[in-house]
Every structure is written in structure tokens, then in C-alpha cells.
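Input: a single structure, listed below in C-alpha cells.
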There are 2 protein chains.
Amino acid sequence: MDQKVNSICGISLTPLRVIPTKGGDVMHCLKATDHSFKGFGEAYFSTIDKDAIKAWKRHREMTLNLVVPNGAVRFVIYDDRSNSSSKYLFQEVILSSENYMRLTIPPMVWVGFQGISNNRSYILNVADMAHNEDEIERKELSNINFNWGKS
Amino acid sequence: MDQKVNSICGISLTPLRVIPTKGGDVMHCLKATDHSFKGFGEAYFSTIDKDAIKAWKRHREMTLNLVVPNGAVRFVIYDDRSNSSSKYLFQEVILSSENYMRLTIPPMVWVGFQGISNNRSYILNVADMAHNEDEIERKELSNINFNWGKS
């Protein structure tokens, strides 16, 4: 399969404000009034070390709202939803403190991510439901054919 | 006024799980089913540089749920609520990635904080309402008599 990089249905990227103040910044994440807010179930961090890859995972029910306040993370999303107009497409998104955006990922697409900062990177997920192993599917890294590079 | 350090009514500290996984950790923050969850209005980060102090601020309505996934922050809470049994008490709490806890702060107490890590520290607030300047009161650092140390 060719590795296509394009925009996957249901994925959104929202620029977020970083407000400098004396001694530190305020960094927006998500408000209950935002379009990508689907309800609150749980907020948690995932951390990822330089060059490490965590892939692949698919949530059957959870919508992810992801921000990376510190470090830099490459996300790869793969769509194999049967009725999707973006079926068999990959989409890459890099989130970092310099490219500070919110990445919203709907259920039923495959997600992998890689740490691309020299230091450990931090990903916050403000999810519409609490963690539940029953709605998560996993595949081995090699089971979806994507070129992650030399790491 | 003597500087008393004690436990202030309504403040709670909740230990949080850090789950090691290959290439990074999962760090719990807050679930909708947690006792200290009062509703979701907004999630945002505040960052604080080494030795910087941000003080004092009081929310009339917002309950704060604070975690520090990266760095180390000293929080000082001062209670001058007229009917509080902890009136005129200060409470100090240090949150860090090593002492990973959730600090819940009710409305109507004064809060200040200081970066005590060599690098910039990150504070996540999962608040029960969105930011609203109308419910925030501020005092100058010197207007509440607390010994922050030499910084």
C-alpha cells in the first residue's frame, strides 16, 4: 500500500493561545464550549521518550483531545473505516510547545505516536470517557505498514 | 501575623497513579467519577519559571484541580474566609513529577505559587468553569505576609 499523507475525516487541528505572563505562560487546552468538546470523562498524560514509538491503538468509543505542552510528538493516524471517504489514508501531525495546537481524533481510527524531542514529551488527553480496556483495540507496530523512519 | 502552616478546610491532596509503559508513562489526572471532580469548564496549563512567584489570586467560584506532570511547584494557600475554622492559616504543598498528586482548592482562598525546579514547571488545572476575570480577585505579593524565602 502506498503511504498517502492527507487529511482524515473527523480529525481536527485547533490552534491554541499561549498567553505570556511574568514568570511563565498560560496555555489554553480545551473549554466545555469548544466545538471539539464531546463531554468530560477523564484527563490523563502520556509521556513519550525520544525516538520511542507507541503504536497502534484504536478506540471504539473515545474521542481524544490531545495537546503537547512540553516536548514534541509525531502522531500518525490511519483510517481503515469501511465507509470513510479517507479510507486507507494516513495523516501525520506534529504537536509541540512551538506548534501548540489541539488535535481531536474521533473513535475508530488507528493512532500511533513517536517522541521527537531530545527530552521526554508530555501529551495531555482530555477524553470524553474514562479509560476502559474494553473499548480499545491494539495492533503490533509492524501490522500497519507505515514508514516511521530510522528510529 | 505568625506564619502558621497547617491544613486548610476544603483543600484535598489525592495521590495519583503513574503507570510505566515501554517508551513512556501514563499519568492519571482526574476522572469524572473522582470525589474532587466538580464539573468540567476548562483545562489549561500555567507554566512557572525557576524561582518565579505568581501571587496572590482568589477565585470566587472556581474549584481548581491541579497537577504538576513536569517540574516542581510550591503552592501556598491562605485562608481568610470569615467563617472558616482554618481562618488565618497558611498551607504549603509541593507538587512535582516525583510527588505526583492532585491538589484540589475550593473557591475563596488565596493561592500563590513558585517554581522550584531548575527548568520551567507545568501546572495543569482541570477547572469546573471556564476562565472568567469577573470571578477572580488579586492582591500584590506583599499584601499577604508570607515568607517566600530568598528568591
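FYI, it's all coordinate maths here, none of it is from the lab. All values derive from a computational prediction rather than experimental measurement. For neighbour counting, all protein chains shown are included, and Cβ atoms are generated from backbone atoms with ideal geometry for every residue, glycine included.
What residues qualify as long-range amide H neighbours of B:Ile11, i.e. H under 5 Å apart, gap of 5 or more or another chain, H built at 1.01 Å from N?
Sorted by chain and number, the residues that satisfy this come to none at all.
With Cβ to Cβ distances under 13 Å as the rule, what net charge do the other residues near B:Cys29 carry (K, R +1; D, E -1)?
Net charge around B:Cys29: 0.
Which distances in nm, rounded to one decimal and ordered from shortest, link the label point of A:Glu135 to the equivalent label points in the other identical copies, with labels set 7 Å from Cα toward Cβ?
2.7
Across region A:61-76, in residue order, what do the Karplus-derived ³J(HN,Hα) couplings come to in whole Hz, using 6.51 cos²θ - 1.76 cosθ + 1.60 with θ = phi - 60° and x for Gly and Pro?
10, 6, 8, 9, 10, 10, 9, 10, x, 8, x, 8, 9, 9, 9, 10
Would you mind counting up the charge near B:Pro106? Only other residues with Cβ under 12 Å from its Cβ, with Lys and Arg at +1 and Asp and Glu at -1.
Overall, the nearby charge balance is +1.
DSSP loop trypsin sites (Lys or Arg not before Pro) in region A:55-141 with at most 13 other Cβ atoms within 10 Å of their Cβ, which ones?
A:Arg60, A:Lys87
Which of A:Val109, A:Val73, A:Val18 moves most in a GNM of chain A, Cα contacts under 10 Å?
It is A:Val18.
Taking a label point 7 Å out from Cα toward Cβ, give me the nm distances from B:Asn99 to the same spot in the other copies, shortest first, one decimal.
Counterpart label points of B:Asn99 in the remaining copies fall at 3.7 nm.
Report the residue, chosen from A:Gly71, A:Gly41, A:Gly115, that carries the largest GNM mean-square fluctuation when chain A is represented by alpha-carbon nodes joined by springs under 10 Å.
A:Gly41
Tally Lys/Arg at +1 and Asp/Glu at -1 over every other residue whose Cβ is under 10 Å from the Cβ of B:Leu95; what's the total?
Charge balance near B:Leu95 sits at +1.
Can you list the copy-to-copy distances for B:Asn118, using a point 7 angstrom from Cα toward Cβ, in nanometres, shortest first?
Nearest to farthest, the other copies are at 1.4 nm.
Let me know the charge dipole size of chain B about its Cα centre in debye, to the nearest 20, where only the beta-carbon of Lys, Arg (+1) and Asp, Glu (-1) is charged.
For this selection, approximately 300 debye.
For the rotation that superimposes chain B on chain A, which residue of B has the C-beta lying nearest to the axis, and at what distance in Å?
Here the value is B:Phe40, 2.
Could you list which residues have their amide H under 5 Å from that of B:Tyr44, counting only those 5 or more apart in sequence or on another chain, with H placed in the peptide plane?
Amide H neighbours of B:Tyr44: B:Asn125, B:Ala127.
Compute the projected area of the convex hull of the Cα atoms of region B:62-151, averaged over all viewing directions, and report it in nm² to one decimal place.
6.7
Pick out which of B:Ser121, B:Ser96, B:Ser84 has the largest mean-square fluctuation in a Gaussian network model of chain B, springs linking Cα atoms closer than 10 Å.
Answer for the Gaussian network model of chain B: B:Ser84.
Can you give me the relative contact order of chain A as a percent, contacts being Cα pairs under 8 Å and 6 or more apart?
Value for chain A: 37 percent.
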